[in-house]
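Laboratory data are not the source of any read-out in this text; all were calculated from the coordinates shown. Everything numeric here is computed off the predicted structure, so don't read it as measured data. Cβ atoms come from the backbone with ideal geometry, glycine included; neighbour counts cover every protein chain shown.
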Amino acid sequence: MYKLMGYNTQNTMKALYVLEELGVDYEFQLIDLSKGEQRSESFLNLTPIGKVPVLSHENHTLFESGAICRYIANVENSQLYPQNKFERAQVDQWMDFFSCHLGRWLSALYFEKVIKSMVGLGSADPKKCEDAIKFCEMHLPQVDKWLETHKYFANDKLSIADLFAFAYIEQAYEIDFPLNNYKHLHQWFEEMKSKNSISQAKKKFLK
């Protein structure tokens, strides 16, 4: 069985969405960042960087959400991460895009506006928020244009790239960052939001 250790962050949610979409048995363990549980000796024995999520499976552990999502889909032989090399590369390119560009800046903004106060790191830095918004507004039109002619991000079928992207994009709605003007992105988001795997993952976290 898979065991996922995490907190209410976009990186943890990515892995939860993949686990739920695949319908596999798994256990979720909350690592409470507000209590510093990620710095405990037992947790640091699982991951040298002391960050969530961490996946335990068959006496092995993995950290980094992208590696976790790819691993789970590989183990389950799922078309969420296709075997075809070019199709797989297209999934990878969108996961990399969100990690390095749009998702990175949405996460930076979310960190400033939500996470910092949650874990006792003070209030949002206006300059960092301004920079994050600038880069988000640079990339959002590009994503919206792509989704104008594509139902999903990679290969015109649902993949871990969509679940990965959703975890980043939903942060914008939680901090009232306006996305409604991006019609195609908003439509994609609403479709993803209605998926059973998304709602079940959130229920799992809230238990």
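Based on Cα contacts under 8 Å between residues 6+ apart, the chain shows a relative contact order of 24 percent. Shown in residue order for the stretch 160-177 are the 3J(HN,Hα) couplings computed by the Karplus curve 6.51 cos²θ - 1.76 cosθ + 1.60 at θ = phi - 60°: 5, 4, 5, 5, 4, 5, 4, 4, 6, 5, 5, 4, 4, 5, 6, 10, 6, 7 Hz (x for Gly and Pro). With Cα atoms as the point set, the stretch 124-207 shows a radius of gyration and Dmax of 13.9, 39 Å. PRE reach from Ser117 (point 7 Å along Cα→Cβ): which of the stretch 164-207 fall under 18 Å by backbone N? Once the point is set 7 Å along Cα→Cβ of Ser117, 171-178 turn out to lie under 18 Å by backbone N, inside the stretch 164-207. Dividing the Cα radius of gyration of the chain by its Kirkwood radius returns 0.95 for Rg/Rh. Only Cα pairs under 8 Å and 6+ residues apart enter the sum, and on that basis the relative contact order of the stretch 1-119 stands at 25 percent. Measuring between their Cα centroids, the stretch 81-109 and the stretch 113-187 lie 13 Å from each other. For a Förster distance of 25 Å, can you work out the FRET efficiency between the beta-carbons of Phe86 and His184, rounded to the nearest 0.05? Once rounded, the FRET efficiency stands at 0.55.
Across the stretch 4-67, Cα pairs under 8 Å and at least six residues apart give a relative contact order of 37 percent. The ranking of Met95, Met5 by Cβ neighbour count inside 10 Å, starting from the fewest, reads Met5, Met95.
For the stretch 38-51, putting each phi into the Karplus relation 6.51 cos²θ - 1.76 cosθ + 1.60 with θ = phi - 60° gives couplings of 6, 9, 5, 4, 5, 6, 5, 6, 8, 9, x, 9, x, 10 Hz, in residue order, rounded to whole numbers and with x for Gly and Pro. For the stretch 72-80, what does the Karplus curve 6.51 cos²θ - 1.76 cosθ + 1.60, with θ = phi - 60°, yield as ³J(HN,Hα) per residue in whole Hz, taken in order and with x for Gly and Pro? Values per residue, Gly and Pro as x: 4, 5, 5, 4, 8, 6, 8, 6, 4 Hz. Distances between placed amide hydrogens fall under 5 Å for Asn8 paired with no residue 5 or more residues away or on another chain. Each residue, Asn77 and Glu58, gets one label point 7 Å from its Cα in the Cβ direction; the gap between the two is 1.3 nm. Whose amide H sits under 5 Å from the amide H of Tyr2, counting only residues 5 or more places off or on another chain, with H placed in the peptide plane? It is Glu27, by chain and number.
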